[in-house]
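Since the structure comes first, as structure tokens, the remarks are kept for the end.
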């Protein structure tokens with residue numbers, strides 16, 4: 001009976017030691033974002049029968065439990081896709097806004113000054129200064145078109161680079177996850193830290209691409225809209241192939257571009273294939289129709305040198321790339337007298353054609369959705385602003401949502417130092433008491449031995 | 001709910017970031033004086049402000065057009081006054097030389113004066129504004145009148161400026177008013193008078209008197225219509241100045257930050273920031289471990 005008490009005390013000592021070990025591990029990992037809190041699971045040892053009584057036999061630690069709620073973990077992982085998506089859009093669209101740089105004048109200002117120069121020319125078409133000013137203001141306008149277009153194209157190219165980099169990250173992540181699947185299956189036993197690692201990698205992957213995760217027999221399977229990315233210890237590679245994202249397995253290649261809707265990759269693809277091309281197209285349309293309409297009218301007029309049927313801008317054949325290609329006709333640049341302000345030859349102060357060109361300023365252009373040049377551009381700016389604002393506020397909302405889910409997840413899996421401190425005391429006392437029990441049993445045994453002496 | 005240390009830190013950091021963002025916005029607004037720095041700050045407001053700025057710049061351009069036209073008209077007005085005065089002098093001379101008290105001698109010297117007056121008038125009608133002859137219609141690079149003949153060499157071109165998006169007004173007077181096809185050619189008339197003086201022909205001088213009156217009427221009519229147009233231009237200029245003020249106000253309302261409000265916001269955000277910092281500084285070190293002996 002007494003030896004059984006020593007054994008019970010010993011089991012208490014052991015259990016307390018294991019508990020203290022896990023507490024110190026929790027404390028050590030308190031700031032490790034991947035870490036899930038662990039807690040020992042105690043079970044009473046099977047009691048033994050003593051005549052009609054069942055006598056307790058102490059405690060043992062049967063398991064170290066990883067405190068983890070699958071529901072919150074899944075929710076967290078799933079919401080990260082949209083977070084990555086909005087974050088990229090917010091950042092890139094913010095960049096696009098600064099490309100248009102409207103607050104400090106920008107293209108709309110250059111356009112207004114272009115018309116102003118025509119007004120001045122219409123007042124005095126004979127003035128060389130007015131002609132030079134018009135050429136100057138036109139160059140500024142052209143420069144504005146060039147710069148915005150150039151930077152948008154540059155950004156478009158940079159996004160291609162980002163897509164390549166994101167694909168490389170995704171491939172690395174899926175390989176690591178497949179590797180962990182294998183490790184977890186082969187190691188058996190305590191693999192909590194491997195689970196932590198795998199969960200963290202899956203979350204990272206979720207931010208980059210929209211995935212669905214299934215867990216089966218300790219292994220995760222990861223799919224992208226039906227296409228496997230990870231199965232057991234096998235990871236399937238993605239590749240960039242021109243404008244397509246291609247899923248790759250041995251000898252099969254599938255274009256999965258349209259299946260990628262969320263995550264950083266989804267956002268980059270949308271920016272690359274839809275949003276930025278739309279801005280470029282609108283800017284090109286504006287440049288093209290401005291060139292066309294001004295040229296059409298300009299050709300009907302006469303310059304101071306009686307030149308006739310001359311384009312003001314270099315003629316453009318199609319809207320594609322117009323914002324990059326818009327240029328002043330070099331004849332006009334060389335000889336400002338060729339600016340055709342007059343509607344008839346040999347009438348230097350005739351400004352009828354200049355006035356007709358100025359009429360374009362307030363004309364609704366059918367090809368520009370029946371808006372004037374200025375209105376069309378201000379609509380484009382409003383669209384850029386709206387897109388940027390939407391992305392930014394979606395991101396804020398999504399971040400709040402993710403933080404909230406993360407709080408719920410942490411409320412189960414996170415380490416609370418206060419709690420650990422309380423547990424530390426608790427198990428310290430348990431250890432003390434168990435040790436004390438041993439010394440008391442020791443005295444009891446001494447008493448027993450001394451009985452015979 | 002279990003609140004973990006990680007949650008507390010994260011929330012503090014998120015809150016600090018958020019307040020810092022507000023502060024940043026406030027500073028930006030105060031420094032720039034603008035409510036809208038980027039299109040996304042207020043996309044509609046930005047689009048509106050682009051349109052208003054363009055209106056404003058156009059209004060100012062119209063104002064400039066009108067001001068330039070008015071200077072041209074002022075010059076035209078004084079030229080017309082000069083011609084009127086000269087014609088009046090011609091009329092005086094003609095009346096006095098038509099009378100019987102005049103004789104061949106006085107008429108001869110009057111002829112000299114009239115010849116000078118013609119030169120004077122020629123100088124006036126060939127007035128240039130900048131490098132343009134103001135009475136030449138569109139053909140402003142050539143003098144509309146010359147001593148060699150009495151014909152008008154300009155055309156009927158009316159130089160127009162825009163005073164709004166749909167209306168154009170002309171501001172010049174073609175020199176044909178001095179030599180209309182269906183009226184009196186002032187220079188021919190003066191030549192005739194001069195000849196009559198030189199030849200000592202009182203009958204012919206008297207015959208010229210009626211033509212002088214008609215020529216004066218031509219000039220006075222031109223003055224009257226110019227005066228009416230100048231009044232119109234002045235009126236439009238005042239209107240445009242009003243619109244300038246209006247649009248400046250509207251743009252300011254659309255774009256500019258309400259400094260009083262931003263200053264108050266800044267105060268509030270600074271207070272919140274300080275309170276959050278204080279709370280963070282106090283809360284983070286608190287931990288049960290501090291109290292374990």
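Remarks
- Length-normalised contact order for chain A - Cα pairs under 8 Å, 6+ apart - percent: 24
- Computed from Cα atoms, the angle from the helix A:2-28 axis to the main principal axis of chain A rounds to 10 degrees.
- Chain B shape via C-alpha gyration tensor axes, a/c threshold 1.5: prolate
- With Cα atoms, 0 to 90° folded angle of helix A:417-451 axis to chain A main axis: 10
- From most to least packed by mean Cβ count within 10 Å, the peptides A:274-282, A:46-54, A:142-150 give A:142-150, A:274-282, A:46-54.
- Length-normalised contact order for chain B - Cα pairs under 8 Å, 6+ apart - percent: 28
- Sorting the segments A:158-169, A:14-25, A:350-361 by their residues' average number of neighbouring beta-carbon atoms within 10 angstrom, most packed first, yields A:350-361, A:14-25, A:158-169.
- Spacing of the two label points (7 Å from each Cα toward its C-beta) at residue A:34 and residue B:213, in nm: 11.3
- Spin-label pair residue B:246-residue B:225: with each label point 7 Å from Cα along the Cα-Cβ axis, the two points sit 3.2 nm from one another.
- The simple Förster model, with R0 at 25 Å and r as the Cβ-Cβ distance, assigns residue A:250 and residue A:273 a FRET efficiency of 0.30.
- Two-site FRET efficiency, residue B:11 against residue A:367, from Cβ-Cβ distance with R₀ of 51 Å, rounded to 0.05: 0.45
- Shape call, the stretch B:19-61: gyration tensor on alpha carbons, a/c limit 1.5: oblate
- Per-residue Cβ neighbour rank within 10 angstrom, fewest leading, A:333, A:180: A:333, A:180
- Note on A:401-414: average number of Cβ atoms from other chains within 10 Å of each residue's Cβ is 3.
- Counting neighbouring beta carbons within 10 Å and listing from fewest to most, the residues A:36, A:379 come out as A:379, A:36.
- Dividing the summed helix terms, -39500 (n - 2.57) for each DSSP H run of n ≥ 4, by the number of residues in chain A produces a 222 nm estimate of -21500 deg cm²/dmol to the nearest 500.
- Over all pairs of different C-alpha atoms, the stretch A:302-453 has a mean inverse distance whose reciprocal, the Kirkwood radius, equals 24.9 Å.
- Site pair residue A:243 and residue B:21 shows an inter-label distance of 3.4 nm when each label is modelled 7 Å from Cα along Cα→Cβ.
- Here the extension length gained between residue B:182 and residue B:203 equals 5.1 nm, from 0.36 nm per residue of separation less the Cα-Cα distance.
- Using 0.36 nm per residue and subtracting the Cα-Cα separation, the extra length available between residue A:183 and residue A:69 on full extension is 38.8 nm.
- Think of it as helices only: each DSSP H run of n ≥ 4 in chain B is worth -39500 (n - 2.57), and spread over all residues that comes to -24500 deg cm²/dmol at 222 nm.
- For the peptides B:224-231, B:153-160, residues were scored by their other Cβ atoms within 10 Å and the scores averaged per peptide; the highest-first order is B:153-160, B:224-231.
- Peptide-level mean, for A:119-126, of C-beta atoms on other protein chains within 10 Å: 6
- The length gained by stretching the chain between residue A:1 and residue A:57 to full extension, at 0.36 nm per residue less their Cα-Cα distance, is 19.1 nm.
- On Cα atoms only, tilt of A:276-300 relative to the major axis of chain A in degrees: 0
- Measure of compaction for chain A (Cα Rg per 2.2 N^0.38 Å): 1.68
- GNM top mover of B:196, B:79, B:47 - chain B, alpha-carbon springs below 10 Å: B:47
- Peptide A:106-114 - average C-beta neighbours from other chains (10 Å radius): 3
- FRET efficiency estimate (nearest 0.05) - Cβ-Cβ, residue B:34 to residue A:331, R0 35 angstrom: 0.25
Quick note: the coordinates plus some simple rules give every number you see, no bench work behind them. Note that the coordinates shown come from a computational prediction; the quantities given were computed from them, not determined experimentally. Ideal geometry is used to build each Cβ from the backbone, glycine not excepted, and the neighbour counts take in all protein chains shown.
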